């Protein structure tokens, strides 16, 4: 499946017009909106998303809209987790998550680590959170900010193309590998545990 065929629109800050997240949203084959994000999508694009998922306590999707409404009750998972579960049930295995940050910092932090758990990428107005485990090469702008969040303190990493190498770093907390910088257009990272890498777009 091509990246961006399916996007999940969470109910955080709506992507800014013209940005990378906006372009993904505007060109997506399918838009799966989390509850009230369906209304926000309609206000911006003049049409309803493909699907609205959640407990539907906020969205006001018209019965004649053509948007499929999938109600999932229960407080054990938030609407983003419910939207991901719906996409996976349909075989849409690589949805990109938009609107995951902004409005409430607790939701933003939770969404970043839920996305890591699901192995899904988040694109924001400022960059992207990319989950990885193993070896991955990132194409970046030289000087771009790069931050790594490793929930497992036993994580071992190596890096090439960063100003401050990650080889032998002790991940004693979530923020000890943040605010790094790319020294070339290619950054190569390896990790033996799942980590979330934030690449700031220029």
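Remarks
- Test result for residue 129, under 12 Å from the mean Cα position of the chain (by Cα) and under 27 Å from residue 17 (Cα atoms): yes
- Restricting the stretch 87-116 to residues that are free of Cβ contacts under 8 Å to residues at least 40 places away in the same chain and part of a helix (DSSP H, G or I) leaves a set whose member that is farthest from residue 15 (Cα to Cα) is 89.
- Selection count, the stretch 117-126, where residues are under 24 Å from residue 50 (Cα atoms), over 9 Å from the mean Cα position of the chain (by Cα) and not in a helix (DSSP H, G or I): 2
- When residues of the stretch 48-60 are limited to those that are farther than 14 Å from residue 12 by Cα and out of contact with any strand residue (DSSP E or B) (no Cβ under 9 Å at 6 or more places or on another chain), the one modelled with the lowest pLDDT: 57
- Residues being in a loop (DSSP other than H, G, I, E, B), more than 21 Å from the chain's Cα centre (by Cα) and either exposed (fewer than 15 other Cβ atoms within 10 Å of the Cβ) or free of Cβ contacts under 8 Å to residues at least 40 places away in the same chain (or both) - total across the stretch 151-164: 6
- Meets criteria (within 30 Å of residue 171 (Cβ to Cβ), at pLDDT 95 or above, crowded, with 18+ Cβ neighbours inside 10 Å and not assigned by TED's automatic domain parsing to the domain that holds residue 38) for residue 96: no
- Residues of the stretch 190-200 include none that is part of a strand (DSSP E or B) and without any contact (Cβ under 8 Å) to a residue 40 or more places away in the chain.
- Flag if residue 129 is crowded, with 20+ Cβ neighbours inside 10 Å, in a strand (DSSP E or B) and touching a strand residue (DSSP E or B) at 6+ places or on another chain (Cβ under 7 Å): yes
- Any hit, the stretch 72-82, residues being more than 17 Å from residue 11 (Cα to Cα) and surrounded by 14 or more Cβ atoms within 10 Å (Cβ to Cβ): no
- Any hit, the stretch 165-180, residues being over 15 Å from the mean Cα position of the chain (by Cα) and within 20 Å of residue 95 (Cβ to Cβ): no
- Single match in 12, 4, 18 (criterion: at pLDDT 85 or above, under 16 Å from residue 120 (Cβ atoms) and in a loop (DSSP other than H, G, I, E, B)): 12
- Just one residue in the set 186, 193, 181 is modelled with pLDDT of 95 or more and within 20 Å of residue 111 (Cα to Cα); that residue is 193.
- The combined condition, being at pLDDT 90 or above, more than 14 Å from residue 122 (Cα to Cα) and crowded, with 18+ Cβ neighbours inside 10 Å, is fulfilled by residue 38.
The values are calculated or read from the model by the stated rules, or taken from the named source; none is laboratory data. Since we're looking at a predicted model, the values are computed, not measured. Quick reminder, even Gly has a Cβ in these numbers, built from the backbone with ideal geometry, and neighbours come from all protein chains shown.
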